[in-house]
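Enquirer: Dumping the structure here so I can ask a few things about it.
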Amino acid sequence: MDKSNCVIPVVKTPQDYQAFRISPHDTNRLAIVFDPASANMSITYCVEIFDIGGKTPPNRHQLAVEMFFVLKGEGKATCDGKTVEIRAGDSILVPPTGTHVIENTGSGRLYALCIMVPNEDFAELIRSGTPVELDDEDMAVLRRSDGFR
């Protein structure tokens, strides 16, 4: 094996994630895992955390595909007027230009991995918000030490 071409992966732990609330009144937070600066490509990968009753504002992307994987909780995903129930283990793929909303309808927080390709200034939008801390509940979910249901 030619070790001169060996690439060292970027590894982060939940303590490394930077979390933000995009607007002061938002009921969801985004914890950036990888973005164009760390991945050296046009991708944003984050964990989106929705408070009870929380949801995203309706939004759409001109070029990007946005994917969600529900880690914990229950909710609804709406895209261009079609709504489906979502829960842990479900995946959602939102095509470019699809107006979409993710909403927490459960009795606890909703956690979802969120990946956007290409970035389409998503990481920059997140970082323009207010920095917030991940609390003990968030860390327990991200570390899979909460009994994951």
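Enquirer: Fully extended, how many nm does the chain gain between HIS25 and VAL84 (0.36 nm per residue separation, minus their Cα-Cα distance)? Could you put the intermediate results ahead of the total?
Expert: Working: separation 59, 0.36 × 59 = 21.24 nm, distance 2.52 nm.
Contour length minus Cα-Cα distance gives 18.7 nm.
Enquirer: Here's a follow-up. What do you get for GluC sites (Glu not before Pro) in segment 83-149 restricted to DSSP loop and a cutoff of at most 16 other Cβ within 10 Å of the site's Cβ?
Expert: On the way: sites: GLU85, GLU103, GLU120, GLU124, GLU133, GLU137; in loops: GLU120, GLU133.
Within segment 83-149, the qualifying GluC sites (Glu not before Pro) (loop, at most 16 other Cβ atoms within 10 Å) are GLU133.
Enquirer: How long is the gain from ARG60 to SER91 if the chain were fully straight, where each residue apart is worth 0.36 nm and the alpha carbon distance is subtracted?
Expert: Working: separation 31, 0.36 × 31 = 11.16 nm, distance 1.78 nm.
Additional length available on full extension: 9.4 nm.
Enquirer: Of CYS114, ASN40, PRO95, which is farthest on the positive side of the dipole of segment 19-142, counting Cα position, with +1 on Lys and Arg Cβ, -1 on Asp and Glu Cβ, and the Cα centre as origin?
Expert: The one lying farthest along the dipole's positive direction is PRO95.
Enquirer: Which residues in segment 82-119 place their backbone N less than 16 Å from a point set 7 Å from the Cα of ARG144 along the Cα-to-Cβ direction?
Expert: 88-90, 112-113
Enquirer: Restricting to Cα pairs below 8 Å that are 6+ residues apart, what does the relative contact order work out to for the chain? Please round to a whole percent.
Expert: 29 percent
Enquirer: Excluding residues fewer than 8 places away in the same chain, name every one of the aspartates and glutamates whose C-alpha is closer than 14 Å to that of LYS72.
Expert: GLU48, ASP51, GLU85, ASP90, GLU103, GLU137, ASP138, ASP146
Enquirer: Can you give the calculated 222 nm mean residue ellipticity of the chain, where each DSSP H run of n ≥ 4 adds -39,500 (n - 2.57) and the sum is split over every residue, rounded to the nearest 500 deg cm²/dmol?
Expert: Details: 3 runs with 17 residues, N = 149.
Roughly -2500 deg cm²/dmol at 222 nm, from the helical runs in the chain.
Enquirer: Let me ask something else about it. How big is the chain in terms of Cα radius of gyration and Dmax, in angstroms?
Expert: 15.7, 53
Enquirer: How large is the charge dipole for segment 19-142, taken about the Cα centre, if only the Cβ atoms of Lys, Arg (+1) and Asp, Glu (-1) carry charge, to the nearest 20 debye?
Expert: Working: 10 positive and 18 negative charges, 53 e Å.
For this selection, approximately 260 debye.
Just so you know, all these numbers are worked out from the coordinates, no wet-lab data involved. Please read all numbers here as calculations on a predicted model, not as lab measurements. All Cβ positions, even for glycine, are placed from backbone atoms using ideal geometry, and neighbour counts span all protein chains on display.
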